[in-house]
Amino acid sequence: MSKNTKKPYPWFLALKHEMKDPDKIIESDDRIVIIKDSYPKANYHFLVLPKEDIKNLNEVTKDHLDLLKHMDKKGREFAERIAPGRKFKFGYHAAPSMYQLHLHIISKDFDSPSMKHKKHWNSFTTKFFLNSENIIEQLEKNGKLNLMSILQAKELLKSSLKCHICKEAFSLFPKLKEHVHFHAMSDS
Ligand code: AMP
Ligand code: ZN
């Protein structure tokens, strides 16, 4: 990255800034903002962020239940509007790398040039990906979230590679990418 493009804040705060940039906002209301993921890991990949300052799921309490439901609803409506009938996943990473809570809206093809590493793959296809509906259900039932430790989450990123559709195992990531591209092409 050249000096001119260097941002005046650390990389892990980028989402907090981007979500306030009118050029980046695709949609917003009084409680949330939707932006495009800058390094999409699938054909369609967006983020829903609350306007309220919430670092991550560790800061979420039962008082946020309605907000999480709203993020989920807006995410699903958005996905259906931009790609009607397409299959999506909606959820949170168990150990997010960036601050400000964000709900991933991601199409299930996972076929994208930015899907570059095993850890990227496993972050969307293993239990590292916490489905939005399960998070909401947990908060509704227990009044709090029982989250895995960072250590447990990081172990999931080391899981062996497996196709999310036919479950075929792969030892090399480029081979899995080719395979997933083939699924995406035959689906479209
Ligand atoms: P997480 O691992 O859940 O913290 O995911 C952070 C997400 O933010 C990743 O999917 C990144 O591709 C995405 N991302 C990183 N930097 C930016 C940025 N400046 N604007 C939009 N999305 C970004
Ligand atoms: Zn497959």
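Quick note: the coordinates plus some simple rules give every number you see, no bench work behind them. Small disclaimer: the values here were computed from a predicted structure and weren't measured. Cβ: placed from backbone, ideal geometry, glycine included. Neighbour counts: every protein chain shown.
Comparing Met98, Met148, Met19 in a Gaussian network model of the chain where C-alpha atoms under 10 Å apart are linked, the largest mean-square fluctuation is found at Met148. Look at the alpha carbon pairs under 8 Å that are at least 6 residues apart: their mean separation over the length of segment 102-188 gives a relative contact order of 34 percent.
Each 5 Å bin from 0 upward holds the following percent of the Cα-Cα pairs of the chain: 1, 7, 15, 19, 20, 17, 12, 6, 2, 0. By the count of other C-beta atoms within 10 Å, a proxy for reagent exposure, Asp66, Asp30 are ordered fewest to most as Asp30, Asp66.
Charging the Cβ of each Asp and Glu at -1 and of each Lys and Arg at +1, and nothing else, the dipole of the chain about its Cα centre rounds to 700 debye.
Centre-to-centre, using Cα atoms only, segment 51-65 and segment 114-188 are separated by 23 Å. Karplus-derived 3J(HN,Hα) values for segment 54-59, using 6.51 cos²θ - 1.76 cosθ + 1.60 with θ = phi - 60°, are 9, 5, 6, 5, 4, 8 Hz; glycine and proline are entered as x.
Can you tell me, using C-alpha contacts under 8 Å and at least 6 residues apart, the relative contact order of segment 44-188 as a whole percent?
Computed value for segment 44-188: 27 percent relative contact order.
Ordered by the number of other Cβ atoms lying within 10 Å of each residue's own Cβ, fewest first, Ile54, Ile150, Ile34 fall into the sequence Ile150, Ile54, Ile34. Its DSSP H runs of at least 4 residues, each contributing -39,500 (n - 2.57), put the calculated 222 nm mean residue ellipticity of the chain at -10000 deg cm²/dmol, to the nearest 500. A simple spin-label model places pseudo-atoms 7 Å from Cα toward Cβ; at Leu172 and Lys62 they are separated by 5.4 nm.
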